[in-house]
1. May I ask you to list the residues in segment 13-49 that are touching a strand residue (DSSP E or B) at 6+ places or on another chain (Cβ under 6 Å) and part of a loop (DSSP other than H, G, I, E, B)?
2. If you check residue 35 against the conditions, is it under 15 Å from the mean Cα position of the chain (by Cα), modelled with pLDDT of 95 or more and either surrounded by 16 or more Cβ atoms within 10 Å (Cβ to Cβ) or over 30 Å from residue 199 (Cβ atoms) (or both)?
3. Only residues in segment 213-228 that are more than 16 Å from residue 42 (Cβ to Cβ) count as the first member; pair them with residues that are at pLDDT 95 or above and of a type in the set (Ser, Thr, Tyr), Cβ under 6 angstrom, at least 6 apart or cross-chain, and list the lot.
4. For segment 52-108, what are the residues that are under 16 Å from residue 10 (Cα atoms) and basic (Lys, Arg)?
5. Condition (residue is touching a Phe, Trp or Tyr at 6+ places or on another chain (Cβ under 6 Å) and modelled with pLDDT of 95 or more) applied to segment 281-291: is it met by at least one residue?
6. Can you give me the ranges of the helices (runs of 4 or more DSSP H) entirely in segment 182-287 with at least 2 residues that are surrounded by 14 or more Cβ atoms within 10 Å (Cβ to Cβ) and among the β-branched types (Val, Ile, Thr)?
7. Within segment 87-118, which residues are under 18 Å from residue 165 (Cα atoms) and either outside any loop (DSSP other than H, G, I, E, B) or in contact with an Asp or Glu (Cβ under 9 Å, 6 or more places away or on another chain) (or both)?
8. Testing residue 26 on (1) buried (at least 22 other Cβ atoms within 10 Å of the Cβ); (2) closer than 29 Å to residue 219 by Cβ, one condition comes back false. Which one is that?
Amino acid sequence: MNRHAFAGTGVAIVTPFLDNGDLDKHSLEKLVNHLIEGNVDYLVVLGTTGESATLSKEEKKEIFSLVNQYANGRIKLVAGIGGNDTRAVINSFNEYDLSGYSAILSVSPYYNKPNSEGVFQHYKAVSEASPLPVIMYNVPGRTGMNVNVATTLRIASECKNIIATKEASGNVEQILQIIKDKPEGFEVISGDDGITLPLIACGAIGVISVIANAYPKQCSDMVNFCLDGNFAAARPLHETMLPIVHSLFAEGSPSGVKVYLKELGVTKETFRLPVVSVSSELKNKIKDLMKTI
């Protein structure tokens, strides 16, 4: 069966840091290999999970380049490039080397809280300027505003270079309405691990996942079972992962997933302020949960 280019499991990868706060290149390479060996379909570099808000432009350039180097053509790559300054987002397309990348994930404008017309005009400008297809990203829990159904469908219909939305609104009714009314060629990707199974059952094409950083094979298997219509096989994996998904976000992300990655020996549990580690109670709970998978 032919699938959409971004069907399946994408991973919003973490950015590993050394104890002194510098980029941990060795762990980044380990992470890329860990995910490719886990059979995920593509990597999303410098999304929210990658702590992009606390990385300098020079660090971002280096990370885009390093992930492309480490992946070495083995997997599709998506570059996280978004912001609340439309002109700056457009200018950044020429400032980053996007060799090896197949698409751009661009979060809706945050803090400014533009109205629906402003959101549309932002994405229209991004769509026209982008050298690659764009996946829009609606995550009101972080941006402070929701991209509503009507605006999403208008963008989908009028901005032909925008090929999908990563929907992390948590509003299942809204997401299902988008799936129902979207034009041909525009797809919906789950932005929440916990509801990926039901969203695929209703027509989403996959997930951009956080949990897959730690458990790429389990997540990929679950998504592939869903895409094949084998929900009887998918449900046990989904149910096993649900408490793990809850633990990832119980005290903020990527704090939770970096505990898993440390315990798995993939990366250190280090962050850029204001992100900090989770409590010792949650760490102990995570260690117990790891015994179940």
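The values are calculated or read from the model by the stated rules, or taken from the named source; none is laboratory data. Computed from a predicted structure; not experimentally measured. Cβ placement follows ideal geometry from the backbone for every residue including glycine, while neighbour counts extend to all protein chains displayed.
1. Selection gives 13, 24, 40, 41, 46, 47.
2. On the way: under 15 Å from the mean Cα position of the chain (by Cα): yes; modelled with pLDDT of 95 or more: yes; either surrounded by 16 or more Cβ atoms within 10 Å (Cβ to Cβ) or over 30 Å from residue 199 (Cβ atoms) (or both): yes.
It is true that residue 35 is under 15 Å from the mean Cα position of the chain (by Cα), modelled with pLDDT of 95 or more and either surrounded by 16 or more Cβ atoms within 10 Å (Cβ to Cβ) or over 30 Å from residue 199 (Cβ atoms) (or both).
3. So the pair list comes out as 214/260.
4. 74, 76, listed by residue number.
5. At the first step, the residues of segment 281-291 found to be touching a Phe, Trp or Tyr at 6+ places or on another chain (Cβ under 6 Å) are none.
Scanning segment 281-291, I find no residue that is touching a Phe, Trp or Tyr at 6+ places or on another chain (Cβ under 6 Å) and modelled with pLDDT of 95 or more, so the answer is no.
6. Correct list: 196-201, 231-249, 255-263.
7. So in segment 87-118, the residues under 18 Å from residue 165 (Cα atoms) come out as 89, 101-110, 116-118.
Answer for segment 87-118, where residues must be under 18 Å from residue 165 (Cα atoms) and either outside any loop (DSSP other than H, G, I, E, B) or in contact with an Asp or Glu (Cβ under 9 Å, 6 or more places away or on another chain) (or both): 89, 103, 104, 105, 106, 107, 109, 116, 117, 118.
8. (1)
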